[in-house]
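Data first, discussion second: the structure below is written as structure tokens.
What follows draws every value from the coordinates through simple rules; no lab data is involved. Fair warning: this is a prediction, and the values are worked out from it, not measured in the lab. Here the Cβ positions follow ideal geometry from the backbone for every residue, glycine too, while neighbour counts run over all protein chains shown.
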Amino acid sequence: MKPTSAGEALTLGTQRLASLPTARRDAELLLLHTLHRDRAWLLTQPEAEITPEQLTQYENLIARRARHEPIQYITGRQDFFGLTLRVTPDVLIPRPETEHLVEAALARIPPSQITCQPTRILDVGTGSGAIAIAIAAHRPQAAVTAADISPAALAIAHENAAKHHAAIRFVESDLLAALPNENFHIILSNPPYVPASDQLEPQVRDFEPHCALFAGPSGLELYHRLIPQARQALVPGGWLLMELGHGQQPSLTQLLAGWQNLAFVPDLQGIPRVVIAQKT
């Protein structure tokens, strides 16, 4: 018998996603997305009727999730640093861990403009624009540039920036190649850092853009290119901040030899997640 209420539909969705560890949560999120309702409504009105059309739409979304498609691509949205961003398979899904990178950058940007020249910031490999938009939202006086090699990703980033009224200059560029002779006070990046041999979960491996995940055999290939380019573009005393993967701290310590004030910021699990270095 077909479900006729929101509560019955939720039970059905949970059953069909039983192989996933987040079955109940995922089924609920997709139901709320289908019905354009919030969780409080569902908790108080589980007997509310749903139409056959809504049930068909919900079952289609459940089928996509059962094939391990990420919730964020199904709903087209992801929250990051208090902002709701549009995401598609053209961009990496912003992770909570990357918020540590934003926090570290904000700590190095004056909250108010105290000089004639604004703080110049470059986000390399911006993807959805999450990092650049979060910084622009909290430091609107800064001059933020965001670069990405993917035109499709830049289109999404443009859309997200417009939605949040973030004044950002977007540049199509392979790292800093399209920004010759420019200099910045802060350069930050969440570059691809996954080694090609790593075995990722199906919802990551099969759906997220490989160019934003995999860096090469060692996972360090982008750092080898980015670090010297950043050193050239930073003003004296400027800061480089990058996200890093598990076990990459020793290698990055070597790659950043000659920089000063080298530090690593751990995530909530105590894993080094952000590397910070200052140009001498």
Students often check this: by mean Cβ neighbours within 10 Å, which of 251-263, 9-21 ranks highest, and how do the rest follow?
9-21, 251-263
Of (1) 29, 23, 17; (2) 39, 21, 16; (3) 24, 22, 20, which is the value of semi-axes √(5λ) of the Cα gyration tensor in Å derived from the coordinates here?
(2)
How high is the relative contact order of segment 125-219, in percent, counting Cα pairs under 8 Å that sit 6 or more residues apart?
26 percent
Let me have the relative contact order for segment 6-67, percent, based on Cα pairs under 8 Å that are six or more residues apart.
44 percent
Taking the Cα centre of the chain as origin, work out the dipole magnitude from +1 charges on Lys and Arg Cβ and -1 charges on Asp and Glu Cβ, in debye rounded to 20.
480 debye
Just the number, please: percent antiparallel of the DSSP beta bridges in the chain, rounded to the nearest 5.
40 percent
Output the peptides 118-128, 59-69 sorted from most to least packed, where packing is the average of other Cβ atoms within 10 Å over each peptide's residues.
118-128, 59-69
Grab the DSSP H runs of the chain that are 4 residues or longer, score each as -39,500 (n - 2.57), total them, divide by all residues and round the 222 nm result to the nearest 500 deg cm²/dmol.
-10500 deg cm²/dmol
Output ordering of 236-244, 178-186, 47-55 (per-residue mean of other Cβ within 10 Å, highest first) is 236-244, 178-186, 47-55
So for the chain, averaging the separation of alpha carbon pairs under 8 Å that are six or more residues apart and normalising by length, what relative contact order in percent results?
14 percent
Amide proton proximity set for T126, modelled H, under 5 Å, gap of 5+
A147, D148
